[in-house]
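Enquirer: Just dropping this structure here.
The values are calculated or read from the model by the stated rules, or taken from the named source; none is laboratory data. Being a predicted model, the structure only gives us computed values, none of them experimental. Every residue, glycine among them, receives a Cβ derived from its backbone with ideal geometry; neighbour counts consider all protein chains shown. Remember, those area values only see protein heavy atoms, side chains included, never the ligands or the DNA or RNA. Shrake-Rupley method; radii C 1.70, N 1.55, O 1.52, S 1.80 Å.
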Amino acid sequence: MTRIAVICGTGMTELVNDYKTVKNSASSELKVQTEWGDVPISVVEMKGNSIFILDRHHPKSGNRTPPHMIEHRANVSAISACNPDIVLSINSVGTMREDFPPGEIGISADIIDLTQIPWTFHDEDVYHSDRTKIFSSKAVDCCFNVLDKYQNRVICDLIVAQCVGPQFETPTEIDVLVKLGADVVGMTLGPEQRLISEIDIPHVALACSSNWAAGRTPGNPNAEIDHNEVDLMASSMRNVVMSCINSLIDAY
């Protein structure tokens, strides 16, 4: 039976409730204690399989944690404690590609993270995890086959630029990221992947195109970005995301 860990955020707050409506599923809540704080995880049991769903923005004092304040070590440590067969990151991203408009889901292939913020479980002794190939080919193929049923095209070679937030980027910053080779921009995948590379668990990341990046809206480069609209757009993709999760369960 498969154990899959799902790390999600913007637009995916109702994912657990979606699974509660699935026939013969059962859900529970657990709190995992880590060196960096307690982490709440929702557990969905379905046909003998376990889905561990972690909201990366889980509140510490009533409010959702902004991206620059997320303790990624706590989150990834908690996920690791669930002993998953595969970790799926679901990331809301701003798109710079005209062939990847808001409303579509792609698959991340690599990351450009120049934030210079160290994220590691190894502060006391030298450890260098290999990140030559950061995502599982098996999981990528599995997600591709699902997305191919829902979309006219599936982009599976997305380069994700890691930014800190919490502000959205400026048009000039986006131009620079494009020149560096980025296709989309987000605020959470970089730290998550660095830490997952240290725990040596297969990883795959879905990029949910939720908005045009600053200055990239076709026909209206001055269009503003509204987080509520971004959240609604990401939320509209939950059913497809669930199909990817279910397919990964079958594959592992």
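Enquirer: Could you tell me the relative contact order of region 143-252? Use alpha-carbon pairs under 8 Å, at least six residues apart, and round to a whole percent. All intermediate terms of the calculation are to be shown ahead of the outcome.
Expert: Working: 83 pairs, mean separation 31.9, N = 110.
The normalised contact order for region 143-252 reaches 29 percent.
Enquirer: Based on alpha-carbon centroids, what's the gap between region 70-93 and region 169-219 in Å, whole number please?
Expert: Using only Cα atoms, the two centres lie 17 Å from each other.
Enquirer: Then there's this: Distance cut-off 19 Å, Cα to Cα: go down the list 23/47; 31/60; 47/138 and report the pairs above it. Present the calculation step by step, with values, prior to reporting the outcome.
Expert: Working: 23/47 10 Å; 31/60 13 Å; 47/138 22 Å.
With Cα atoms farther than 19 Å apart: 47/138.
Enquirer: Just grab the label-to-label distance for residue 21 and residue 83, each label 7 Å out from Cα along the Cβ direction, in nm (one decimal).
Expert: Spacing of the two 7 Å Cα→Cβ label points: 3.4 nm.
Enquirer: Suppose the chain between residue 117 and residue 31 were pulled fully straight at 0.36 nm per residue; how much longer would it get relative to their current alpha carbon spacing?
Expert: Details: separation 86, 0.36 × 86 = 30.96 nm, distance 2.71 nm.
Length gained between residue 117 and residue 31: 28.3 nm.
Enquirer: Counting each DSSP H run of 4 or more residues in the chain as -39500 (n - 2.57), what helix-only mean residue ellipticity at 222 nm follows after dividing by all residues, to the nearest 500 deg cm²/dmol? Mind showing how you got there, number by number?
Expert: Details: 7 runs with 73 residues, N = 252.
Theoretical 222 nm ellipticity from helices: -8500 deg cm²/dmol.
Enquirer: Follow-up question, since we're still on this one. What list of ³J(HN,Hα) values in whole Hz, one per residue of region 237-245 in order, does the Karplus curve 6.51 cos²θ - 1.76 cosθ + 1.60 (θ = phi - 60°) give from phi, with Gly and Pro shown as x?
Expert: Ordered by residue, 3J(HN,Hα) equals 9, 4, 4, 5, 4, 4, 4, 5, 4 Hz.
Enquirer: With contacts defined as alpha carbon pairs under 8 Å and 6 or more residues apart, what's the relative contact order of the chain in percent? Don't skip to the end; give the middle numbers.
Expert: Details: 491 pairs, mean separation 69.6, N = 252.
It comes to 28 percent, rounded to a whole number.
Enquirer: Using the Karplus curve 6.51 cos²θ - 1.76 cosθ + 1.60 with θ = phi - 60°, what ³J(HN,Hα) values do you get for each residue of region 133-143, in whole Hz, with x for Gly and Pro?
Expert: 3J(HN,Hα) across region 133-143, in whole Hz: 10, 8, 10, 6, 4, 4, 6, 4, 4, 4, 5.
Enquirer: When ligands, DNA and RNA are left out and all protein chains stay put, how many square angstrom of accessible area per residue does the chain have with a 1.4 Å probe? Let's see the in-between values first.
Expert: Values: 12170 Å² over 252 residues.
Using a 1.4 Å probe on heavy atoms only, each residue of the chain averages 48 Å².
Enquirer: Once amide H atoms are built 1.01 Å from N in the peptide plane, which residues 5 or more positions from residue 212, or in another chain, come under 5 Å H to H?
Expert: For residue 212, whose amide H was placed from the backbone, the distant partners under 5 Å are 95.
Enquirer: Moving to a separate point now. Could you list which residues have their amide H under 5 Å from that of residue 32, counting only those 5 or more apart in sequence or on another chain, with H placed in the peptide plane?
Expert: Result for residue 32 returns 39, 41.
Enquirer: So for region 66-200: antiparallel DSSP bridges make up what percent, rounded to the nearest 5? Numbers along the way, then the final one.
Expert: Working: 2 of 10 bridges.
Restricted to region 66-200, the bridges split so that about 20 percent are antiparallel.
Enquirer: Turning to a different aspect of this structure: Write out the GluC sites (Glu not before Pro) in region 47-134 meeting two conditions: DSSP loop, and at most 15 other Cβ atoms within 10 Å of their Cβ.
Expert: Values: sites: 71, 98, 104, 124; in loops: 71, 98, 104, 124.
Answer in residue order: 98, 124.
Enquirer: Given springs between every Cα pair under 10 Å in a Gaussian network model of the chain, which of 205, 109, 223 has the largest fluctuation?
Expert: Ranking 205, 109, 223 by mean-square fluctuation puts 223 first.
Enquirer: Provide 96, 233 ordered by accessible surface of protein heavy atoms (probe 1.4 Å), highest first.
Expert: 233, 96
Enquirer: For residue 61 and residue 200, calculate 0.36 nm times their separation in residues minus their Cα-Cα distance, and state this gained length in nm to one decimal.
Expert: 46.9 nm
Enquirer: Scan around residue 6 for amide H atoms under 5 Å from its own, H built in the peptide plane at 1.01 Å from N, and keep only partners 5 or more places away or cross-chain.
Expert: Correct list: 52, 53, 54, 88.
Enquirer: Which whole-Hz ³J(HN,Hα) couplings does region 68-73 yield from phi under the Karplus relation 6.51 cos²θ - 1.76 cosθ + 1.60, θ = phi - 60°, glycine and proline marked x?
Expert: Running phi through 6.51 cos²θ - 1.76 cosθ + 1.60 with θ = phi - 60° gives 6, 10, 5, 8, 5, 5 Hz.
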